[in-house]
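Let me begin by presenting the structure, written as C-alpha cells, before commenting on it.
Please treat every number below as a calculation from the coordinates, not as lab data. Quick caveat: nothing in here was measured; it's all calculated off a predicted structure. Cβ atoms come from the backbone with ideal geometry, glycine included; neighbour counts cover every protein chain shown.
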Amino acid sequence: MDDLNTAYEGKAQPMPGGDEKPLVAIDMSFCMPAQKKRATKIINAIAENSELGRDLLEQARKDGYKLIMIGAQGWAGQVDADHKYLYLNACENDDYLVKTMAHECRHIQQFARGAEYDCSVYNIRDALRFSRCKEADAEATAAAVCHEIRAKTGYDAPLKEFAKEHPEIVGGFEKAVKNPSSPVVTNEMMQGAFDGWYKEDAMVQTYETGYIVKGALNHCWDREADQSAYFRKKTTSAQILKTVCANKDGSCYWENELDTLNRPERLLISEATVNRVDEVLGGLEKVTGKPLDRSYRDMPRRETFRAGPVKEKGPSAAVLKTIAARRAR
Ligand SMILES: [Zn+2]
C-alpha cells in the first residue's frame, strides 16, 4: 500500500481511462456532446480498472439502459427501471460520479437478479428490510469498485470523494482492507461498508421517508393503482440477501449471517412513519376488504433505540458515571 501511495503522493493524477471512446457502449444518445465526454471518462475509469465495475456497466448496456446527465439537486444518480433510464447528476464532480455510476448500475444488476424494482409490493416491514438492503449493498459495491480502481492505478480520488459524503460506509469498508494495492474484495469488506450504511441515521431516515412515506403510501392511491397489489408480498432476510448481496461468483457475502437483516439496528422505524402507515393501511383495508400485515408496529423506534434505556427521567449524568465505572470493573 505504502509503495503505491508514495508513488502517487503529491501528483494530481488524471482520472485513468480516457474520454475518447467508451469501453462499454452504454447508450448515450440522450447526452449532449460535452456530457458524452464526461460520461465516457467515468465509464472508462470504471471499465478499464475494475473488473467488478465492468460487469456492472455491461449489465446496464445489455439491459438497454440510456444514460442521461442532467443538473439536479438532492440526489447524485437514479435508475428508472420502467423506462430504462440511468440518470447521473451533472452537478456532482466526476470522481463522485464514478462511485454513483457503480451504485446505480448495481441496482440494475440487482433487478436483473430478480430484486423487485417497486419495494411497495412487500408488506411494510419487508419493504423496509428490502429497500435498505438494496441501498446498503449498492453502496458497498460502489466502495468495492472504487477500491479496485485504487488497487490497479493508485487513483484514490473516487474513494476519497465517497468518504467525504459517507464516512461510515467507506470507513467500514477500509477497516477490513488489509492491502489497498490488492484488488481482492472480501466478504468482510462488503459487510463493513454494508454495516456503515445503517450507521448513517439521517440517510436511513431519508430513504424511509422517500421509499415509504412519500413513495409507496402515496402511489397506492394513484388513480390507476390496483390497491390490492400493495404491501402483500412476504420475504425473508435470507431470500433478500441471496438475491441482493451477491459476489461476482454468485455467492452471498452475508452467507455467514443470513438473518443479519433482522438485527435490531437494521429495523429502526420512526414513530411518524408508523403513524402514517397506520392511517394509509387502514384506508386500504377498507377499500379492498382484505387485512394487511401489521408487523411494522413491532419494529424498534428510531427515537428511543439509540438513546437506550436512559430517558429524560433516568439517573443524572453523575450517577450514570458511577454506574458505568462500576460496570467497568
Ligand atoms: Zn440507490
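Quick rundown of the values:
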{"quantity": "Mean Kyte hydropathy of -0.5 or more with a Cα span along the axis of at least 15 Å, helices from DSSP in the chain", "calculated": "124-153, 271-288, 317-328"}
{"quantity": "Gain in span if fully extended, Asp222 to Thr304, counting 0.36 nm per residue against the direct Cα distance", "calculated": "26.1 nm"}
{"quantity": "Three-way shape label, segment 104-178, alpha-carbon gyration tensor, a/c 1.5", "calculated": "prolate"}
{"quantity": "Greater than 25 Å apart at Cα, pairs in Lys99/Lys175; Lys152/Lys242; Lys37/Lys160; Lys84/Lys134; Lys62/Lys248; Lys62/Lys164", "calculated": "Lys152/Lys242; Lys62/Lys164"}
{"quantity": "√(5λ) per eigenvalue of the Cα gyration tensor, segment 1-120, largest first, Å", "calculated": "25, 17, 14"}
{"quantity": "Two-site label geometry, Lys214 and Arg297: point separation in nm, points 7 Å out along Cα→Cβ", "calculated": "2.8 nm"}
{"quantity": "Segment Asp201-Asp249, extension gain: residue separation times 0.36 nm, minus the distance between their alpha carbons", "calculated": "14.1 nm"}
{"quantity": "Residue-count net charge about Asp278 - beta-carbon cut-off 14 Å; Lys, Arg +1, Asp, Glu -1", "calculated": "+1"}
{"quantity": "5 angstrom amide H check on Cys252, placed H, neighbours 5+ away", "calculated": "Asn247"}
{"quantity": "Mean separation of Cα contacts under 8 Å, 6 or more apart, over the residue count of the chain: relative contact order %", "calculated": "15 percent"}
{"quantity": "Computed FRET value (nearest 0.05) for Val184 with Gln13, which takes r as the C-beta separation and R₀ as 30 Å", "calculated": "0.85"}
{"quantity": "Antiparallel content of DSSP bridges confined to the chain, in %, to 5", "calculated": "40 percent"}
{"quantity": "Antiparallel bridge percentage (DSSP; both residues within segment 1-119; nearest 5)", "calculated": "40 percent"}
{"quantity": "Reach of Lys36 by Cα under 17 Å, taken over aspartates and glutamates that are not fewer than 8 positions away in the same chain", "calculated": "Asp19, Glu20, Asp27, Glu92, Asp94, Asp95"}
{"quantity": "Protection proxy ranking, peptides 66-73, 85-92, average beta carbon neighbours within 10 Å, highest first", "calculated": "85-92, 66-73"}
{"quantity": "Estimated distance in nm for a label pair at Asn256 and Arg113, the labels positioned 7 Å out from Cα along Cα-to-Cβ", "calculated": "1.8 nm"}
{"quantity": "Sparse-neighbour loop sites [chymotrypsin sites (Phe, Trp or Tyr not before Pro); segment 214-308; at most 13 other C-beta within 10 Å; DSSP]", "calculated": "Trp221"}
{"quantity": "Within straight-line cross-link reach of Lys214, aspartates and glutamates at Cα separation under 14 Å, skipping those fewer than 8 residues along the same chain", "calculated": "Asp118, Asp222, Glu279"}
{"quantity": "Proximal charge balance of Val177 [Cβ under 11 Å; K/R count +1, D/E count -1]", "calculated": "+1"}
{"quantity": "Paramagnetic reach from Lys290 in segment 103-123 [backbone N under 16 Å; point 7 Å along Cα→Cβ]", "calculated": "120-123"}
{"quantity": "Enclosed volume per residue, in Å³, of the convex hull spanned by Cα atoms of segment 206-295", "calculated": "125 Å³"}
{"quantity": "All-pairs Cα distance distribution in the chain, expressed in whole percent, bin size 20 Å", "calculated": "29, 53, 17, 1"}
{"quantity": "Distance in nm between pseudo-label sites at Thr236 and Glu265 (7 Å out along the Cβ direction from Cα)", "calculated": "2.5 nm"}
